[in-house]
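Undergrad: Below is one structure. I have some questions about it.
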Amino acid sequence: MNNCVGYVVIGLNEGEKLQLCLTSILIVNKNIVYVDSGSIDGSVIFAKSLGIDVVELDMSLPFTAGRARNEGAKMLLQNDDYEYIHFIDGDCQLEPNWTRNALVFMEADAKNAIVYGHLRERNPEKSIFNALCQIEWDTPLGDVKSCGGIALVRANIFKEFNGFRGDFIAGEEPELCFRLRSSGWKIRKIDYEMAVHDAEMYKFSQWWKRRVRCGFAFTEGTMLHGLSEERYWIRDTLSIFFWGIFIPLITIILCFLSMLFLIILLIYPIQYLRIVYKNRKKVENCFAWAFYTVLGKFPEAIGLMKFVTKSFKRIHLLSV
């Protein structure tokens, strides 16, 4: 059954993590395309030594994970006519029984377009940021709105919908899922172990940059599909604007009248306590989760403003 599946792996200087990733797939399947984004650690040489097809991405163009995955899928499907594409990142290790279980579930319902399972963080105990990633991966089962970058996808549907948006710097997976759902297809999360992820996120700066990208993605998604019936990501973008821009800005303005208006900032600890209370039974480390959820609105606001600035520059260039 696995012969109907081809795998697309993307990576940049993943080192030993890529070796674990590729060998974990080879245990169950040899139909692999590895897309490299300018690695200098021997990743390309290693992949080729295993007999794996390699796409070396043109780095003169802006990099996005969506473009990398699209290029990998293009090579995969031009060599063979696979029914399914399994996307996986080079910092993940595939569980040996996952693909078989996913295929059984996928073939049980012709309306399933994408299926994914449990993603576990390799070392959540080594840093609070790894632990936050583990919480992020722990999403409900069943019909869902979106998936991440590790998932099994029907190849004909992926081609029909022109794959991921290659110009999205982040959020390309939820955007594709939105288009699929809007046409009646299902995105499903099933109760099987899928892969182990190794974020290796040990620095605050890594977490900050990730949240900036998320803010950019939320805003870009809202601008593209916000007028849909679903009002795609409008609530998320408004939340970023309110907590990350409006409250700080209005506080600064009012403080010119009186420093007593600093009391407005108490809304942040109140929000923190609200999130703790709401997630106390669902999230193991709810105190850290609440703290970084509130703090995350500020880098996300930077991402929002970066998107707005980029959009204005684009409009200006078009008008010249």
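Undergrad: Quick check, is F164 assigned by TED's automatic domain parsing to the domain that holds V28, closer than 20 Å to V5 by Cα, crowded, with 18+ Cβ neighbours inside 10 Å and under 18 Å from the mean Cα position of the chain (by Cα)?
TA: Criteria met by F164.
Undergrad: Report yes if I169 is modelled with pLDDT of 95 or more and either of a type outside the set (F, W, Y) or in a loop (DSSP other than H, G, I, E, B) (or both), otherwise no.
TA: Considered against the rule, which asks whether it is modelled with pLDDT of 95 or more and either of a type outside the set (F, W, Y) or in a loop (DSSP other than H, G, I, E, B) (or both), I169 comes out as no.
Undergrad: If you check M201 against the conditions, is it surrounded by 22 or more Cβ atoms within 10 Å (Cβ to Cβ) and touching a helix residue (DSSP H, G or I) at 6+ places or on another chain (Cβ under 7 Å)?
TA: So M201 fails the test.
Undergrad: Follow-up. Does region 3-18 contain at least one residue that is of a type in the set (V, I, T), more than 21 Å from the chain's Cα centre (by Cα) and under 24 Å from R165 (Cβ atoms)? Break it down into steps so the answer makes sense when it comes.
TA: From region 3-18, those of a type in the set (V, I, T) are 5, 8-10; that's our starting set.
So of that shortlist, the ones also more than 21 Å from the chain's Cα centre (by Cα) come out as 5.
Subset that is under 24 Å from R165 (Cβ atoms): 5.
The answer is yes, given that some residue of region 3-18 is of a type in the set (V, I, T), more than 21 Å from the chain's Cα centre (by Cα) and under 24 Å from R165 (Cβ atoms).
Undergrad: Can you confirm whether region 283-294 contains a residue that is part of a helix (DSSP H, G or I), in contact (Cβ under 8 Å) with a residue 60 or more places away in the chain, touching a Lys or Arg at 6+ places or on another chain (Cβ under 8 Å) and more than 20 Å from E172 (Cα to Cα)? Don't jump to the end; show me each part of the working.
TA: As a first pass, look at region 283-294 and keep what is part of a helix (DSSP H, G or I): 286-294.
Adding the requirement that they be in contact (Cβ under 8 Å) with a residue 60 or more places away in the chain leaves 288-289, 292.
Filter again for touching a Lys or Arg at 6+ places or on another chain (Cβ under 8 Å), leaving none.
The answer is no; no qualifying residue exists.
Undergrad: Name the residue that is farthest from Y232 (Cα to Cα), counting only residues in region 118-166 that are part of a strand (DSSP E or B) and touching a helix residue (DSSP H, G or I) at 6+ places or on another chain (Cβ under 6 Å).
TA: Quick first cut of region 118-166, residues part of a strand (DSSP E or B) only: 118-121, 142-143, 151-154.
Checking which are touching a helix residue (DSSP H, G or I) at 6+ places or on another chain (Cβ under 6 Å) leaves us with 119, 121, 152.
Working: L119: 25, E121: 28, L152: 23 Å.
If we take residues in region 118-166 being part of a strand (DSSP E or B) and touching a helix residue (DSSP H, G or I) at 6+ places or on another chain (Cβ under 6 Å), then E121 is farthest from Y232 (Cα to Cα).
The values are calculated or read from the model by the stated rules, or taken from the named source; none is laboratory data. Source: prediction; values computed, not measured. Here the Cβ is made from the backbone with ideal geometry for all residues, glycine too, and neighbour counts use every protein chain on show.
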